[in-house]
Amino acid sequence: MGTRSEVKKLIRSGFVTVNGIIVRDEGSHISKEDTVELYGKLVLPHRMVYLALNKPVGYVSDRTENEASVYDLIDHPYIDELQVAGRLDKDVEGLVLLSNDGIFIHKIISPKHHVKKEYLVWFQGELTQEKIEVVERGLTIGTEKFKPAKLKLIEPNLLSLVISEGKYHQVKRMMKALNLNYSRIQRIRIGTIELGDMNPGDFRELSGEEIESLFLNS
Ligand code: URA
């Protein structure tokens with residue numbers, strides 16, 4: 001709505017109504033049940049928003065004018081405040097969480113909190129027991145050491161990889177180090193939040209229980 005002094009000015013000028021009545025007293029108390037309007041348009045109380053999006057391939061995770069962006073897929077009154085909690089590359093699809101809650105975003109992306117991210121990878125190459133064990137002990141690429149992760153073969157050319165950090169191009173770099181070629185990467189879980197059966201491009205608000213369980217169990 002604006003800064004405190006701007007809001008006071010709007011109220012004093014008679015542009016704000018509560019339940020249809022102009023209020024000029026900036027100290028008036030309002031409750032959740034009251035309808036507040038500015039210039040006749042509903043003013044919603046500020047709240048924390050948590051969204052899950054199924055990002056399709058071809059969309060970037062940043063706000064940009066030049067390319068298709070995840071923000072183009074979201075029609076939401078808080079869109080300007082939302083930040084992505086853990087980006088996906090343009091050619092990677094699946095679960096993206098967005099919020100205007102900085103603490104929530106930090107918790108998801110900070111490696112300190114060990115929130116697990118699960119990826120499905122469609123691959124070509126030989127996945128040996130030895131490679132699985134290397135990943136479980138913590139893969140090293142040059143001087144960079146990745147935290148122990150879980151790698152499981154699901155089908156002959158499909159694996160699940162669960163990591164608890166989000167380093168630059170991490171899944172792709174791990175696949176390369178294991179000498180596996182990927183044709184498709186999809187994130188299907190962040191902590192306790194699953195992609196489930198959302199269609200590509202769809203988004204939904206997380207429920208209170210989902211947010212709570214993410215904080216309690218991740
Ligand atoms: N790892 C990657 O390589 N890319 C992503 O988008 C996410 C994880």
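Hey, does region 133-156 have a residue that's among the polar types (S, T, N, Q) and crowded, with 18+ Cβ neighbours inside 10 Å? Taking every residue of region 133-156 in turn, none turns out to be among the polar types (S, T, N, Q) and crowded, with 18+ Cβ neighbours inside 10 Å.
Residue check: is V84 closer than 17 Å to K172 by Cα, among the aliphatic types (A, V, I, L, M) and without any contact (Cβ under 8 Å) to a residue 40 or more places away in the chain? Judged against the criteria, V84 is not a match. Enumerate the pairs (first residue in region 100-128 and of a type in the set (S, T, Y); second residue anywhere and open to solvent by less than 20 Å² (accessible area, probe 1.4 Å)) with beta-carbon separation below 6 Å, excluding pairs fewer than 6 apart on the same chain, so at least 6 apart or on different chains. From region 100-128, the pairs are Y119/L161; Y119/V171; Y119/I185; Y119/R187.
To keep it simple, each residue is scored yes or no on (1) buried (at least 17 other Cβ atoms within 10 Å of the Cβ); (2) within 17 Å of the chain's Cα centre (by Cα).
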position: Y168; (1), (2): no, yes
position: V171; (1), (2): yes, no
position: M175; (1), (2): yes, no
position: L180; (1), (2): yes, no
position: Q186; (1), (2): yes, yes
position: M198; (1), (2): no, yes
position: I211; (1), (2): yes, yes
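Note on region 49-63: residues that are open to solvent by less than 40 Å² (accessible area, probe 1.4 Å) and in a loop (DSSP other than H, G, I, E, B) total 4.
A count restricted to region 117-159 and to residues that are away from the ligand (no atom under 16 Å from the Cβ) and assigned to a strand (DSSP E or B) stands at 8.
Can you confirm whether region 2-15 contains a residue that is touching a helix residue (DSSP H, G or I) at 6+ places or on another chain (Cβ under 9 Å), open to solvent by less than 40 Å² (accessible area, probe 1.4 Å) and either part of a loop (DSSP other than H, G, I, E, B) or not assigned by TED's automatic domain parsing to the domain that holds V121 (or both)? No, region 2-15 contains no residue that is touching a helix residue (DSSP H, G or I) at 6+ places or on another chain (Cβ under 9 Å), open to solvent by less than 40 Å² (accessible area, probe 1.4 Å) and either part of a loop (DSSP other than H, G, I, E, B) or not assigned by TED's automatic domain parsing to the domain that holds V121 (or both).
The values are calculated or read from the model by the stated rules, or taken from the named source; none is laboratory data. Just so it is clear, the model here is predicted, and its values are computed rather than measured. Counting neighbours? That spans all protein chains shown, and the Cβs are built from the backbone with ideal geometry, glycine included. Surface accessibility is based on the protein's heavy atoms, side chains included, excluding ligands, DNA and RNA. Shrake-Rupley method; radii C 1.70, N 1.55, O 1.52, S 1.80 Å.
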